[in-house]
Amino acid sequence: MKRTVALALALLSVGLLTSCSSGGISKASENAFVSGTGVAVYINPAERKPAPDLQGPTLSGTSLKIAKNQEIVVNVWASWCSPCRAEAPLLADFATRLAGTVQFVGIVTRDNLSSAAAFVNRFKIAYPNFTDDSLLAGFRGSLVPNAIPTTLIIDAHNRVAVRISGEVTYALLDSMIKKVAADSSHA
């Protein structure tokens, strides 16, 4: 019994140390951030909660307010996070292909600005990235972005429709964007 408990604790420790849960500046209150599994949570339109205003300082040094009444993909990321680096080219490609149809925006969390800027340059991310991660608190009562990376999809009625917790895949992101767009066209 003692061996089983010791082995379980050892495996849990390894899992915690290798996840993206504490790579940046962290506080005890940030223990809700864990590595995601790449699973999507879809909310039926009648059950969706309003998304917060997406506004504030950006990595480019400007202040920005994202217009509502459009489909928005919000990616929460940090430069030190391996799954964030893995999904960055895919997100950059989607943002380019869907420009004018779907607004992409990032929220940098628990990172320093020079590392975040290098990340954006390296992966040729053209969409805006907010540097104030207090924006995440606005999602309370809805689908909270509780892992790094997390990708949220906000529908054209400014309601949170999808949370993908962990690294996105092409097929998953494509299907969720299309599903949310179809919901909006039928509302």
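The values are calculated or read from the model by the stated rules, or taken from the named source; none is laboratory data. Quick caveat: nothing in here was measured; it's all calculated off a predicted structure. Note that we place each Cβ from the backbone using ideal geometry, even for glycine, and neighbour counts take in every protein chain shown.
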For Ser114: the one exception among (1) without any contact (Cβ under 8 Å) to a residue 24 or more places away in the chain; (2) crowded, with 18+ Cβ neighbours inside 10 Å: (2)
Name the pairs: first residue in region 40-55 and assigned to a helix (DSSP H, G or I), second residue exposed (fewer than 13 other Cβ atoms within 10 Å of the Cβ), Cβ to Cβ under 9 Å, at least 6 apart or on different chains? Pro45/His186; Pro45/Ala187
Can you find a residue that is of a type outside the set (Lys, Arg), assigned to a helix (DSSP H, G or I) and modelled with pLDDT of 95 or more anywhere in region 121-132? yes
Filter pass, Pro128 being closer than 23 Å to Ser63 by Cα, surrounded by fewer than 21 Cβ atoms within 10 Å (Cβ to Cβ) and touching a residue at least 60 places away in the same chain (Cβ under 8 Å): yes
Filter region 165-182 for residues that are of a type in the set (Ser, Thr, Tyr) and part of a helix (DSSP H, G or I); the one that is nearest to Val76 (Cα to Cα) is Tyr170
Identity of the residue in region 106-147, among the small types (Gly, Ala, Ser) and touching a strand residue (DSSP E or B) at 6+ places or on another chain (Cβ under 7 Å), that ends up farthest from Ala161 (Cα to Cα): Ala116
Only residues that are assigned to a strand (DSSP E or B) and surrounded by 13 or more Cβ atoms within 10 Å (Cβ to Cβ): list them for region 58-91, please. Thr58, Leu64, Glu71, Ile72, Val73, Val74, Asn75, Val76, Trp77
Sort through Ala182, Ala187, Ala171, Ala137 and tell me the only one that's within 21 Å of Ala88 (Cα to Cα) and either surrounded by fewer than 14 Cβ atoms within 10 Å (Cβ to Cβ) or at pLDDT below 90 (or both). Ala171
Sort through Asn146, Asn69, Asn129 and tell me the only one that's of a type outside the set (D, E, K, R) and touching a His at 6+ places or on another chain (Cβ under 9 Å). Asn69
So, in region 125-159, how many residues would count as being among the acidic types (Asp, Glu) and out of contact with any Gly (no Cβ under 6 Å at 6 or more places or on another chain)? 2
How many residues of region 140-158 are touching a Phe, Trp or Tyr at 6+ places or on another chain (Cβ under 8 Å) and either buried (at least 18 other Cβ atoms within 10 Å of the Cβ) or without any contact (Cβ under 8 Å) to a residue 60 or more places away in the chain (or both)? The answer is 5
As an exercise: evaluate Gln103 against (1) surrounded by fewer than 21 Cβ atoms within 10 Å (Cβ to Cβ); (2) touching a Lys or Arg at 6+ places or on another chain (Cβ under 7 Å); (3) part of a strand (DSSP E or B) and give the number of the one condition it does not meet. (2)
